[in-house]
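The values are calculated or read from the model by the stated rules, or taken from the named source; none is laboratory data. Here the structure is a predicted model, which is why all the values come from computation and not from measurement. Positions of Cβ are backbone-derived with ideal geometry, glycine not excepted, and every protein chain shown enters the neighbour counts.
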Amino acid sequence: HPTYEVAHHAGKTTLWVVFVLMTISSAVFAAMSWRVPVGKRLYHVITTLITIFAAISYFAMATGAGTSLNHIVHRTVNKHVPDTYDEIYRQVYWARYVDWSLTTPLLLLDLALLAGLNGAHITMAVIADLIMILTGLFAAFGTEGTPQKWGWYTIACVAYLVVVWHLGVNGRVTAAAKGSKVGKFFAAIAGFTLIIWTAYPIVWGIADGARIVSVDGEIMAYAVLDILAKPVFGFWLLITHSRMSATHVDV
Ligand code: RET
């Protein structure tokens, strides 16, 4: 008798709510971009695309697409009786990884432009980020009880550290060189990003990984994080950009 770990009413409702919030945010960001000259719209364009991609991905998930059942055979070893096997099917929303593979590089680009990071650092950060998301996807479908699942997860965490290194360490230095206002703003918004982003592998570990949290719980946790990482981050960046001329980029 296999067990099914799938989304129920609370999870599905949450997906629709986030779809609506991402759509509204996209419209507001687009409207904000029309109020500034084209030459000052780079952050607006990047930030609007981020919430548009998220809205598309949430539409897919809310309508029951972008998901598949991961087949798990869980072995319990007991030396006094024969081993027992539990068969589990857990819903994995792979649409998230499609979303993240497009939106996390764009979020990094926002931060990299703000910091004035050079091309070498931007390329390394974006590619390490892509490796993190793709190996995270492999982890999500990796076979339990073999080194696959947590092996991929470990590789993804190493890639994440590379991202943190480029943005957190090098970005801080170049941002501070743009003046103390930009330096302080970068430290604040990059610090916020670091906290939010670090919560993703933790949620993954206890929900997808260890399966301690239900699929509904997982949907709600990612919903809160996605709203902080995209719309809240975006409003903070665009409003500060409009008030702080030193954040301007000539690209
Ligand atoms: C995974 C699992 C493997 C280990 C690591 C992960 C990191 C994911 C991150 C995701 C960030 C997503 C954002 C979405 C925006 O809405 C893939 C969960 C390290 C950092 C910011």
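Annotations
- Residues satisfying the stated conditions in the range 119-146, i.e. among the small types (G, A, S) and away from the ligand (no atom under 15 Å from the Cβ): G119, A120, G145
- For the range 82-118, filtering for residues that are out of contact with any Lys or Arg (no Cβ under 9 Å at 6 or more places or on another chain), within 11 Å of the ligand (Cβ to nearest atom) and within 20 Å of E218 (Cα to Cα) leaves 6.
- Listed by first and then second residue, the pairs with beta-carbon distance under 6 Å, at least 6 apart or on different chains, first residue in the range 158-178 and touching a residue at least 24 places away in the same chain (Cβ under 8 Å), second crowded, with 21+ Cβ neighbours inside 10 Å and in a loop (DSSP other than H, G, I, E, B), are G171/L117; T174/L117.
- Only one of the listed residues (D129, D110) is acidic (D, E), part of a helix (DSSP H, G or I), closer than 18 Å to A54 by Cβ and under 11 Å from the mean Cα position of the chain (by Cα). That residue is D129.
- Given (1) farther than 22 Å from V18 by Cα; (2) of a type in the set (A, V, I, L, M, F, W, C); (3) surrounded by fewer than 16 Cβ atoms within 10 Å (Cβ to Cβ); (4) away from the ligand (no atom under 13 Å from the Cβ), index of the condition V158 fails: (4)
- Which listed residue is in contact with a helix residue (DSSP H, G or I) (Cβ under 7 Å, 6 or more places away or on another chain), modelled with pLDDT under 95 and farther than 21 Å from L42 by Cα, from T143, T135, T76: T143
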